[in-house]
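Dropping the structure in here first, questions after.
The values are calculated or read from the model by the stated rules, or taken from the named source; none is laboratory data. Predicted model, so just to flag it, every value in this text is computed and none were measured. FYI the Cβ positions are ideal-geometry reconstructions off the backbone, even for glycines, and counts take in every protein chain you see.
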Amino acid sequence: MRFLRVAGLVVSVGLVSSFGGPLGCSSDPAPAPAPGATAVLDPSADFAAEGAFFDVPYPSDLRLDAKGAPDVASYPNPALAIIDQFKKMARERKGFPVVSVAYFRFDKPLAPRGEKDVIAGKDAPIVLVDVDEKSPDRGKTYPLVATTPNPDGYVPEFLLAVAPRPGVLLSPGRTYAYVVRSGAKDADGNALKPSAAMQKLAKGESPGGARGDAMVPLYTKLFTTLDTLGIPRDDVAHATVFTTGDMVADTAALTKTLSEATSPPLKDFALETIPSLANAPFCHVTAKITLPQFQKGKPPFDTEGLFELGPDGLPVKQRDEDVSVSISIPKKEMPQKGFPVVVFYHGSGGLAREFIDGGTKGDPYEVWPGATMANMGFAMAGASLPISPERVPGAKDYDYLNLNNTPAMRDTFRQGIVESRILLTALTKAEIPKSVLDGCQGASLPAGATSYKLDLERLSVQGQSMGGMYTNMVSAVEPRIEAAVPTGAGGYWTYFALRTDVLPNSYNLLRLLIGTREEVTFMHPALHLIETAWEAIDPIVSTPRLSREPLPGHPVRHVYEPVGKGDSYFTTDIYDAMALGYGHPQAGADIWPTMKPALDLVGLGQKVDYPVKANAKGSGGKPYTGVVVQYDNDNGAFDGHGIYRRVEAVRYQYGCFHTTYRKNGVPVVPAPAKLGTPCPE
């Protein structure tokens, strides 16, 4: 039968050819299709079918489930249980990440692209644009990067991955569009072609199919915005429209509810008297606090480790844990309302006492923040964070990453945020009996006072490494915090993990985790799935919420961000991205050259002069002090991760930042100088 059909076709073609066309009428031969790869956009795609997930671009508001979560049920997975876990976690959030990546499929190979090649401006071949009708930034475009990843168990042939330049974060709760224009080119240099569905959408028509009608209002937002930018509708080869979620707001609401459900006091106050602190400018008081634990299982959570939700949708308390607290009391007379305080978050593998003398990290007390701030009249306070060696004996520097059970990291950090908010309340109420400090000469009380107190007015916080991450994340959700000093503080988990030197061979370990032998970037679909699941605890996501876009009712916070060259944890690429996230300019010398071009992309390349004071504008136009300062590591003489204690100028700058904020309500970052130099106001 097949032969007869073919034979009949041959005869028919022959007859048509002999007579010059049907009924003998002459006609020109049908034109050959124009060259160029064609976009794949199937309004009736069955995402559950093998290889069909990318038959519609991702992300897209067409791909949200009934609860508003990303529909990743059919996200590609080469049969790995851990990917199934991350898919489940991604479905527990609302909206798409502000740390965005988009995927577009075509029917032929595309022109290759590298992740470091920035694509910027409305005339670029690929555009990311705000299309939200309620947005003050509608029509604004954002700098991009793109790759054409090699096929593997996640990546189909001819896929284009696109993302904002790392550090460029989208606003929460806002609608955006990625647009791939015809000029993006295929591998042969031909213009890209739109699908039949996109051609109809460009005319405001439904392309039919199961999702066709739903596409029309979505793409109308896009095309009406492109009209205002002068981008021709017929120049759009591929596009997607999506709305971001707000994981910072979600984390704020969750941790507020959990932290306000209990109010444990500080207890078991004791004075530590050891020879190494005999001449310190402070008295070291230790204490305990009993904190509720919400992670299921046993630390360090090689299994389990996630919150278990109860009928009310809130995490169920699993147990209580006594946690160590350290407080440095200056050897001075206490002000009537109590000592002003800086709350400190220790680094990975650190202890509550890290700001006192480093704990197990060595170096004399003089270089640690407790001494710097005591000499300026400040107390400091800090608690042992989750997976600290004080709480998990033998815990190593990076055990907080839960490398044997990576999904648990999300709730390890959320647990730490809950604890940090509870600690602030306890510090506000703390009264250290006079008798506890009777053995520490120099500390004293004003007339009529019977106990030592801490004054959290104009509260500023500081943290190092992992603690710098907490500084960003806790500050973004805690309205009592008004100023922050994150040091050695990175972020963007899936970008950082491919670059860090702290985990040997981390690049290949990550490929092993996701089960691919191909080269990967942070734009790989498996890594973006992980980022989607982890976004609630990605420090870079919190950076714009400190000053530029704080949560409703929160202050516009001041930020001093010193960053070091030769940092064993975070590369200069990461610090460039973090500076973009905060959205504040640079002061001081260029120790490495790539930060300025990055800041230039968003109009922040012009340096500010010292002293830096109220130099930026945050939400509502409110002025704030915000600056990033680069430092050298003395040509490799020390790890640049430790500039907060290795470089005297950094200690002077953060000391003046805290002091001037407490005194005047506007912090000042002075030019580098020796400790003891008067702080400019």
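When you scan segment 72-106, how many residues do you find that are part of a loop (DSSP other than H, G, I, E, B) and under 23 Å from A39 (Cα atoms)?
6
One line per residue, one yes/no per condition, for (1) among the hydrophobic types (A, V, I, L, M, F, W, C); (2) within 29 Å of D455 (Cβ to Cβ); (3) out of contact with any strand residue (DSSP E or B) (no Cβ under 7 Å at 6 or more places or on another chain):
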position	(1), (2), (3)
D399	no, no, yes
R410	no, no, yes
F413	yes, yes, yes
G416	no, yes, yes
E431	no, yes, no
G439	no, yes, no
G442	no, yes, yes
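Further question: Mind counting the residues in segment 317-334 that are in a loop (DSSP other than H, G, I, E, B) and under 23 Å from L277 (Cβ atoms)?
3
Within 17 Å of R662 (Cα to Cα), surrounded by 24 or more Cβ atoms within 10 Å (Cβ to Cβ), at pLDDT 95 or above and within 30 Å of the chain's Cα centre (by Cα) - does that describe any residue in segment 350-358?
no
Now for a different question. Can you name the residue in segment 337-349 that is outside any strand (DSSP E or B) and out of contact with any Pro (no Cβ under 8 Å at 6 or more places or on another chain) and, of all such residues, is surrounded by the fewest Cβ atoms within 10 Å (Cβ to Cβ)?
Residues of segment 337-349 outside any strand (DSSP E or B): 337-338, 346-349.
Narrowing further to those that are out of contact with any Pro (no Cβ under 8 Å at 6 or more places or on another chain): 337-338, 346-348.
Working: K337: 13, G338: 21, H346: 27, G347: 29, S348: 22.
Selected residue: K337.
Restricting segment 500-529 to residues that are farther than 24 Å from G566 by Cα and acidic (D, E), which is nearest to the chain's Cα centre (by Cα)?
E519
Look at G209 and say whether it is closer than 22 Å to M523 by Cα, assigned to a loop (DSSP other than H, G, I, E, B) and in contact (Cβ under 8 Å) with a residue 24 or more places away in the chain.
no
Residues are listed down the side, and each one gets a yes or a no for (1) under 26 Å from P479 (Cα atoms); (2) hydroxyl-bearing (S, T, Y); (3) in the same structural domain as G394 (by TED's automatic domain parsing):
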site: A252; (1), (2), (3): yes, no, yes
site: P264; (1), (2), (3): yes, no, yes
site: T286; (1), (2), (3): no, yes, yes
site: P292; (1), (2), (3): yes, no, yes
site: E308; (1), (2), (3): no, no, yes
site: K317; (1), (2), (3): yes, no, yes
site: V341; (1), (2), (3): yes, no, yes
site: L351; (1), (2), (3): yes, no, yes
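If you don't mind, there's one more thing I want to ask. Any residue at all in segment 443-453 that's within 18 Å of G655 (Cβ to Cβ) and either assigned by TED's automatic domain parsing to the domain that holds L277 or without any contact (Cβ under 8 Å) to a residue 24 or more places away in the chain (or both)? Show your work before the answer.
Going through segment 443-453, the residues within 18 Å of G655 (Cβ to Cβ) turn out to be none.
Scanning segment 443-453 turns up no residue that is within 18 Å of G655 (Cβ to Cβ) and either assigned by TED's automatic domain parsing to the domain that holds L277 or without any contact (Cβ under 8 Å) to a residue 24 or more places away in the chain (or both).
Specify which of the listed residues (K185, K116, K108, K122) is of a type in the set (K, R) and within 15 Å of A239 (Cβ to Cβ).
Details: K185 fails: within 15 Å of A239 (Cβ to Cβ); K116 fails: within 15 Å of A239 (Cβ to Cβ); K108 fails: within 15 Å of A239 (Cβ to Cβ).
After ruling out the rest, the residue left standing is K122.
Here's the yes/no breakdown for (1) in a strand (DSSP E or B); (2) surrounded by 24 or more Cβ atoms within 10 Å (Cβ to Cβ):
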{"residue": "T425", "(1), (2)": "no, no"}
{"residue": "D455", "(1), (2)": "yes, no"}
{"residue": "Y495", "(1), (2)": "no, yes"}
{"residue": "V502", "(1), (2)": "no, no"}
{"residue": "Y507", "(1), (2)": "no, no"}
{"residue": "L510", "(1), (2)": "no, no"}
{"residue": "L513", "(1), (2)": "no, no"}
{"residue": "T516", "(1), (2)": "no, no"}
{"residue": "A526", "(1), (2)": "no, yes"}
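Take D397 and tell me if it is farther than 22 Å from A484 by Cα, among the acidic types (D, E), under 29 Å from the mean Cα position of the chain (by Cα) and surrounded by fewer than 24 Cβ atoms within 10 Å (Cβ to Cβ).
Yes.
Hand me the list of helices (runs of 4 or more DSSP H) wholly inside segment 568-679 holding 1 or more residues that are surrounded by fewer than 21 Cβ atoms within 10 Å (Cβ to Cβ) and at positive phi.
Output list is empty.
Given the structure, is F282 in contact (Cβ under 8 Å) with a residue 12 or more places away in the chain, outside the structural domain of K67 (by TED's automatic domain parsing) and out of contact with any Cys (no Cβ under 9 Å at 6 or more places or on another chain)? Explain how you work it out, then say what you get.
Values: in contact (Cβ under 8 Å) with a residue 12 or more places away in the chain: yes; outside the structural domain of K67 (by TED's automatic domain parsing): yes; out of contact with any Cys (no Cβ under 9 Å at 6 or more places or on another chain): no.
No.
Separate question: What pairs come out if I take residues in segment 229-243 that are touching a residue at least 60 places away in the same chain (Cβ under 8 Å) and pair them with residues that are among the aromatic types (F, W, Y) and buried (at least 21 other Cβ atoms within 10 Å of the Cβ) whose C-beta lies under 6 Å away, six or more apart or interchain?
H238/F104; T240/Y178; F242/F96
Which pairs have Cβ atoms under 8 Å, sit 6 or more apart or on different chains, and link a residue in segment 555-572 that is free of Cβ contacts under 8 Å to residues at least 12 places away in the same chain to one that is in a loop (DSSP other than H, G, I, E, B) and surrounded by 24 or more Cβ atoms within 10 Å (Cβ to Cβ)?
none
Kindly indicate which of D137, D123, D152, D188 is part of a loop (DSSP other than H, G, I, E, B), among the charged types (D, E, K, R) and surrounded by 19 or more Cβ atoms within 10 Å (Cβ to Cβ). If you could, list the steps in order and put the result at the bottom.
Values: D137 fails: surrounded by 19 or more Cβ atoms within 10 Å (Cβ to Cβ); D123 fails: surrounded by 19 or more Cβ atoms within 10 Å (Cβ to Cβ); D188 fails: surrounded by 19 or more Cβ atoms within 10 Å (Cβ to Cβ).
Every option except D152 fails the conditions.
Check segment 296-306 and report whether any residue there is outside any loop (DSSP other than H, G, I, E, B), crowded, with 21+ Cβ neighbours inside 10 Å and either at pLDDT 95 or above or not assigned by TED's automatic domain parsing to the domain that holds R391 (or both).
We begin by selecting, within segment 296-306, every residue outside any loop (DSSP other than H, G, I, E, B); these are none.
No: zero hits.
Being hydroxyl-bearing (S, T, Y) and over 21 Å from P389 (Cβ atoms) is the filter here, so list the residues in segment 290-318 that pass it.
None; the set is empty.
Pairs under 7 Å by beta carbon, first residue touching a residue at least 40 places away in the same chain (Cβ under 8 Å) in segment 493-513, partner surrounded by fewer than 14 Cβ atoms within 10 Å (Cβ to Cβ) and of a type outside the set (D, E), six or more apart or different chains?
Cβ pairs passing all conditions: L503/L509.
Okay, next question. If a residue has to be in a loop (DSSP other than H, G, I, E, B) and either out of contact with any helix residue (DSSP H, G or I) (no Cβ under 9 Å at 6 or more places or on another chain) or not small (G, A, S) (or both) to count, how many in segment 554-567 make the cut? Give the derivation first.
Of the residues in segment 554-567, the ones in a loop (DSSP other than H, G, I, E, B) are 554-557, 565-567.
Narrowing further to those that are either out of contact with any helix residue (DSSP H, G or I) (no Cβ under 9 Å at 6 or more places or on another chain) or not small (G, A, S) (or both): 554-557, 565, 567.
Qualifying residue count, segment 554-567: 6.
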